[in-house]
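Here is the structure we will look at, set down as C-alpha cells.
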Amino acid sequence: MKQLSRIVLINSATVDFYELQLDGNIHFIGTQGTGKSTLLRAILFFYNADARKLGISKEKSSFSDYYFPYADSYIVYEVSEENRNFCVWLYKKQNRLCFRFIDGSYNRELFISLQQALTEGQVIEKANQQGYKVHRPIHNFTEYRDIIYGANKGMNRFHVLQNPGYQNIPRTISNIFLNSSLDGGFIKTTIINSLSDDPFELNLDANRHHIETARNDYRDVSEYLLHEKKAQNIVTQYEMLLQMEDGKKEMAWQIGASYNLAKYKERELEDDQKVIGQKVQDQSGKIGKIEAEFLVNQRRIQDKLSLVKRDIAKANQLAKNYAAKNIQQILNEHAKKPEYETEQSQIEAQLSLLTSNLKDVESQYQTDKQRLETQCQQIILDFERSLSKEKENLQKDSADLLNTFYKKKEQITKDHNGKLDEQKEDKTIVDQKLRDIDHQIEGIQKKPFLKEEVEMQVKKQQELSHKRQALVSEKLVAGIKKENAIKEGEQESEVFGLKKNKENEVLSERKKSLEKEIERLQSELQALSGSLLEFLDQNNPDWHQSIGKVISRDVLLKSDLKPSMKDGNSIYGLDISLDQLQPLEISKSKLEEKLDAFNNLLKEQNKLVEQHQQKAQDQKDKLQKKYNKKISELSQEITQSVIQVDKIDIDLEKCGIALEELKEKAENLKRQELIKKDEEKHTLKVEQQKILDFQEKLQQQFQNSIHELESIKRGQEKKISNRLLELDDKIKSGKKEITEKFNVKIQALQEQRNSFLKEKGVDTTEIRRLEDEQKAIKNKLSEIEKSFPTIIEYKKDSVEYIDRLDEFRQNRKTQENELEHLQQLHTNRINKEKAELKLLQNQKEELTKTIGELRRELSAFDLFSKSHLFDELQNFIEHHDNAEKWDCDQNIRKLQELALEYEKHDKLFTERITEFSGYFSEHNCLGFEPSLSGRLQYRAFSENLREFVREQKIIDYKTEVTRKYAMVLMNIVNETNELLQKEEDVAKVIKRINTDFKKSNFVGVVKSIEMRLQESSDKIIQLLRKIRKFQSENNLNYGEINLFNQGGSNSNNDEAVKLLESLLSQIGQAKSKVLKLEDAFDLEFRIRENENDTNWVSRLANVGSNGTDVLVKSMIYINLLHIFKSNGSTQKIDTILHCLIDEVGILHDSNVTGLITFASERNIRLINGSPNSHNEQDYKHIYMFRKNPKSNKTGITKLISHEL
C-alpha cells in the first residue's frame, strides 16, 4: 500500500526538529495552542498544496512565512510502498515555496549534521554522494499535485494515487479538516465544494437588473406604439421646419453672399473709382501734355516757317534790289574786265611809245591824275558810307517788319485755331454725345429691362412647374409601389410562416423523440438501485460472460428478486455452453454513457431549436423590417411629395406675382430712361447751336484781325521803300556831283600835259585819242572795280538766297504742310483723348452712382446685423462666397418674413414634442429624453425621432425587446439548468454514499445512515423551476410572433412576462444577492440509532447526542473521501489516504474505535486531535504536544507507538 508514512519538521513553524510517523491512525493530544493544528496543516499541505485552503486567517502570517522562517527551514514527507520509498522535500527558495522529489527513503543525515540543518546545496551534494537522486525543483503547485495524484506520466514513479481526475480528493480532504459544523447544510456545502473549486452561483442582482431592463423596455415600446401617429406627425412637422430652416440658412447664405459681393464690389468699385479718377487726372494731364507738346512742335515748325518766309522775303528783296542795280549789266561788264585790261595795256604801250622822250612829264602827269582820282574815290566812298548806315537800318526795319508781321499773323492764326479747335472739340464731343444718345435711345427702346431677373423668374416658374409635375408623378408611383409592397410583404410573410411551421414540426418531433429516450434511460437508471443488475455488478463483475448471455433486460432491472450467490455455473440445474451466445450489453456505466450521449443530443437539439427559432425570428424580423422600411419610406416619400407640392404651389403663386412686378418695374425703368435721354439730347442740341454760333463769330474776328495786320504791314513797307528810293537818288546825285568836280580838275591837268607835250612836238591828237580811250577803259575798269563788292555780295546772296528761292519756297510749302499735318494729327489725337477723357468721366459718374447703390444695400445689411435674427444665422451669413447680385435689402425682407412664419410653426412644434416626450420615463430604451429644455435638446430629440421613424427602428426595438425577454428567460433557464445539473451531480454522489452505507458495518449505536435531496422551499428556486418548465413546454412557441403583435395568441408571451415579473418581485425581497447550489435543494438525513429512527431531518443536531452527531458527520466525510478516491471503480485501490479531523474528543471511546474501523475498511487513516488521550489501543502512534512558555517552541513527545 502506498501512503504518506512520515513527516519531518526542521526549523519549521515552532518546531526545531521532529519526525512524526504517519503510517497508521494517529492521535495528537494537547491543550489548545500547543501546535496540533499547525502539524495537521503541514500534513494537509502534502495533499492539497494550496496555502489558501489551510484555514489560516488573513490576520496571521502566511503558510510560507510561518512554516519557513529560515533558509534551512524544511518539511520532509516520506511516502512508502511495498518495494520502495521516496521523499518530498518542501522548503523556500528565493522567497518561493519549492518541492523536490528524492528517490529514496528518508535519511536524517541528508538534512542534519552536527545538530545543524544543512543548506540546500549541502543536502543535494550529500544525497548525490549517498546515491539518492534529487529531482529538479517544482515551484508550480498544480504540477506537484499532478505528480502525486498520477496525472503526470513523466513523473509516474512518485504518485501516491493513480487518479487523473483527482481534483475532488484534495478538495474533500481540505473541506473535512476545515468544516467542523454539525449542520447538514455544511455537509451539503462540503459535498458541493468537493465537486469543484468554483461552485456555480446564480447572480440574483444581475438577473434583477436584466429583468427590470426588459420590463422597462417593454413598457417603453408599448407606450410608443400607443402614440406612434403623434411621432409621425412630429417628424413631418420637424421636416417642414428643417426645410424652413434650410430656407432661412439658404437665404442667410444669400444675404451673406450678397453682402460679400456688395462689400467686395464696393472695395473693387472704390478702387476702380480711384483708378478711374486717377485715369481722368492722368488723361487731363495727358491732354495738357499733348497740348504743350503740340505748341512746342507748332512753335518749332512755325519758327522754321518764319525763317523760310524771311529767307524768301529776303531773297525776293535782294533780287529786286540787284535788279534795280542792273546787276546783269554789271556782271556782263565784269566779265569783260580782262578785255578792258588788255586794251588798257595796249593803249598804255602806245602812249608810252609816243611819250617815251617825256617820261618824267608823263610820269608826273600820271601821278597827279592818280592822286585826283584817288581823292575823288575817297570822297565818294565817304559820302556813300555816310548814307549806307541809314540804308542798312531801313533794310533791317523792313526785314523786322516782315518778321513781325508773320509772327503776329501766326499768333493770331494760332489763337484763332486754338479757340476754333476748342470749339471743334466741344462740337465733336457734343456731336458724339448726340449720336451716342440717339444710339442709346434706340437701344433703350429695344432693350428688355430686367431681362435676367425676368428670365430667371420665368425659368424658376418653369422649373417649379416641372418639379411639381414630377412630384405628382412620384407621389402616384410611390402610392402604387406602397400598395404592391404591402401585398408582396403579406404574401411573402405567409409563405415564410408556412415554411417555418413545417421546419418547427420536424425539430419538435426530433426533440420529443430524444426526450422520450432520455426519460426511458433515466427510468432504467433509477430502477438500478436494488436491482438484480446492481447485485450482479457488486458480487459478480464478470456476470456478462455467464448469466448475462441468457438473461433478459427486464429481469436484470427488477428489484424484487432477492438474489443471492451460490457456487456453480448452472441455472436451475441446467448447464449449457455459452460460447455461441452474445452477452447482454447493459450496465450502469453504459446506461449512464448512453444517457449522457442522449442528453448531449438533446442539448444539441435544443441548441438547434433555439438557433432555428432565432434564425426564423431574425429572418422574419428582417423580412418585416425590409417591407416595413420600404412601406415607411414610400409613405414618407408620399408625405414629402404632398408637402413639396403644396410648397411649390405657394412658390408658383409668389413667382407669378414677382414676375408681374418685374414686368411693371421694367416698363417704368424704360420710360424713365427714355425721358432722361430726351432731356440730355435737348440739352446737347442747345449746346451744339451755341458752339456753331461762337465758331462763326471767331472766324469773323480772325479775318478782321488778319486784314488789319496786313494793312499796317503794307503802310510801313511803303514808307521804308520810299525812304530807300530817296537815299538811292541822294547817293547817285552826290556821286555825280563829286565826279564832275574832279573830272574838271583832271581835265585841266590833262590839258596842261597836252600843252606841254605839244610844245615838245608830240602828236597830242593821237595822245588825246588814246588817252580818251584809256580814260574810257579806265572808267569802265573803275566802274567794274567799284561794282566788285556788289558782285561778291550778289554772288554770296545768290548762293545763300536768290538761287535758293525755289528751295525756300519748297521748304515753306513743306513746313506749311508739316504744320497742317501736325495740326490735323493734333486735332485727331486731342479729339480721341478728350473722347477718352469723357468716357472716363462717364465711367466715374456711373461708378459713383453704383457705389451709392451699393452703400444703400450695405446700410440695410448693417441695420440687419444689429437684429436678433442676424445673431441666430450669423454662422451662415458670415462666409466667403459671393452671389451673382448684391440685393441684400430684398433678401433681408424675404428672410424676415420667413423667420416670422418659422416662429409660429416652431412654437406649435415645441408644444407637441413636450407632450410626446412626457409619455416616457427617464433612461427609456428608445433613447427619448423626457425632460427637455432649450432649443438644442428639442432639436436633438426631433432628430433622433426622425431617424427613429424613418428607419422604422420601432421594429428593431420590438424585436429586440421580444428577444431580450426571450434572452432573459433563456439565460435564467440556462443558469437554472446549470444549477440543477450540479444538483444532479450532487445527487449522484449522495446515491453512491447511500450505496456504500448499505454495505457498511456501522459503528456503535448507529444502525444505518441514509441521505436524500429534496426540492428547496425557497420561493425563488420554485419560480426558477416553474420558468424552466414553462420554457421546456413552450420552447418553440415563445416569442414566435412577438410581444407586441396585434394578431394571433399572446398567452405564452403574457405568461412569460408574468413569470419574470414574479421573479423580479421575489428577487427584490431576497436578502442575498446570489443563489448558490446549496439553495437549490435541501439535504435530509435518516439515521437509525439503536431503536430510534429519526425519519428525514435536515440537521444532524437532531440525531441523538452531540457525540452521535459528530460520529455521523465523520462517517459521511470518510465515505465521501472514499468515493472520490475510488472514482467509481470497482477495483481495489492500493493507496491509503489520511482524513484529518481536529477536536474529536467529544466522541465516546467505542465510537472512536468504530470510526477508525469504518475508515480502515476504506483504506483511510485518521489523524485526530483532542485535548486528552483515549482509545490508546486504536491508534498506532500517539503524540503529546506541549508549548514551552519561555521559548514559545512546540515540544512533541511520542507517547505510544505499536503495531496494531
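General remarks:
Residues are listed down the side, and each one gets a yes or a no for (1) among the basic types (K, R); (2) within 30 Å of E1176 (Cβ to Cβ); (3) touching a Pro at 6+ places or on another chain (Cβ under 7 Å):
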position	(1), (2), (3)
I10	no, yes, no
G33	no, yes, no
N83	no, no, no
R100	yes, no, yes
F111	no, no, no
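- Scope the range 14-33; condition buried (at least 21 other Cβ atoms within 10 Å of the Cβ) and closer than 10 Å to T1194 by Cβ; matching residues: V15, G30
- Any hit, the range 270-281, residues being under 17 Å from F876 (Cβ atoms) and in contact with a helix residue (DSSP H, G or I) (Cβ under 7 Å, 6 or more places away or on another chain): no
- Residue check, F909 under 30 Å from D618 (Cβ atoms) and either hydrophobic (A, V, I, L, M, F, W, C) or not in a helix (DSSP H, G or I) (or both): no
- Residue tally, condition without any contact (Cβ under 8 Å) to a residue 60 or more places away in the chain and within 60 Å of the chain's Cα centre (by Cα), over the range 12-53: 2
- Per-region count, the range 315-339, residues over 15 Å from P789 (Cα atoms) and either assigned to a loop (DSSP other than H, G, I, E, B) or among the hydrophobic types (A, V, I, L, M, F, W, C) (or both): 5
- When the range 735-753 is filtered for residues that are within 21 Å of Y322 (Cα to Cα) and modelled with pLDDT of 80 or more, only K736 remains.
- Residue list for the range 394-423, filter: farther than 23 Å from K718 by Cβ and of a type in the set (A, V, I, L, M): L420
- Pairs with Cβ under 7 Å, 6+ apart, first in the range 894-905 and small (G, A, S), second at pLDDT 90 or above: none
- Test: residue in the range 1191-1202 that is of a type outside the set (F, W, Y), on the phi < 0 side of the Ramachandran plot, at pLDDT below 85 and assigned to a helix (DSSP H, G or I): no
- Taking the criterion of being in a helix (DSSP H, G or I) and either over 13 Å from L9 (Cα atoms) or not assigned by TED's automatic domain parsing to the domain that holds T1194 (or both), the residues of the range 47-69 that qualify are Y47, N48, A51, R52, K53, F63, S64, D65.
- Qualifying residues in the range 913-961 (those that are among the charged types (D, E, K, R) and assigned to a loop (DSSP other than H, G, I, E, B)) - the one surrounded by the most Cβ atoms within 10 Å (Cβ to Cβ): E929
- Test: residue in the range 967-980 that is closer than 23 Å to N628 by Cβ and in a helix (DSSP H, G or I): yes
- Taken over the range 64-84, residues that are surrounded by fewer than 16 Cβ atoms within 10 Å (Cβ to Cβ) and within 26 Å of K1193 (Cα to Cα) amount to 5.
- Every condition in (1) more than 30 Å from G656 (Cα to Cα); (2) out of contact with any Phe, Trp or Tyr (no Cβ under 7 Å at 6 or more places or on another chain); (3) modelled with pLDDT of 75 or more holds for V477 except the one numbered (1).
- The range 122-161, residues that are at pLDDT below 90 and assigned to a strand (DSSP E or B): none
- Any hit, the range 811-822, residues being surrounded by 16 or more Cβ atoms within 10 Å (Cβ to Cβ), free of Cβ contacts under 8 Å to residues at least 40 places away in the same chain and in a helix (DSSP H, G or I): no
- Taking the range 85-96 as the range and being surrounded by fewer than 21 Cβ atoms within 10 Å (Cβ to Cβ) and either in contact with a Lys or Arg (Cβ under 8 Å, 6 or more places away or on another chain) or within 28 Å of S62 (Cβ to Cβ) (or both) as the test, the residues that pass are K92, K93, Q94, N95, R96.
Residues are listed down the side, and each one gets a yes or a no for (1) of a type in the set (D, E); (2) modelled with pLDDT of 80 or more:
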site: D803; (1), (2): yes, no
site: E807; (1), (2): yes, no
site: R812; (1), (2): no, yes
site: H821; (1), (2): no, no
site: H826; (1), (2): no, yes
site: E833; (1), (2): yes, yes
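- Scanning the range 873-894 for residues that are closer than 12 Å to M251 by Cβ and part of a helix (DSSP H, G or I) yields a count of 8.
The values are calculated or read from the model by the stated rules, or taken from the named source; none is laboratory data. Bear in mind the structure is a predicted one, so any value in this text is a computation, not a measurement. Positions of Cβ are backbone-derived with ideal geometry, glycine not excepted, and every protein chain shown enters the neighbour counts.
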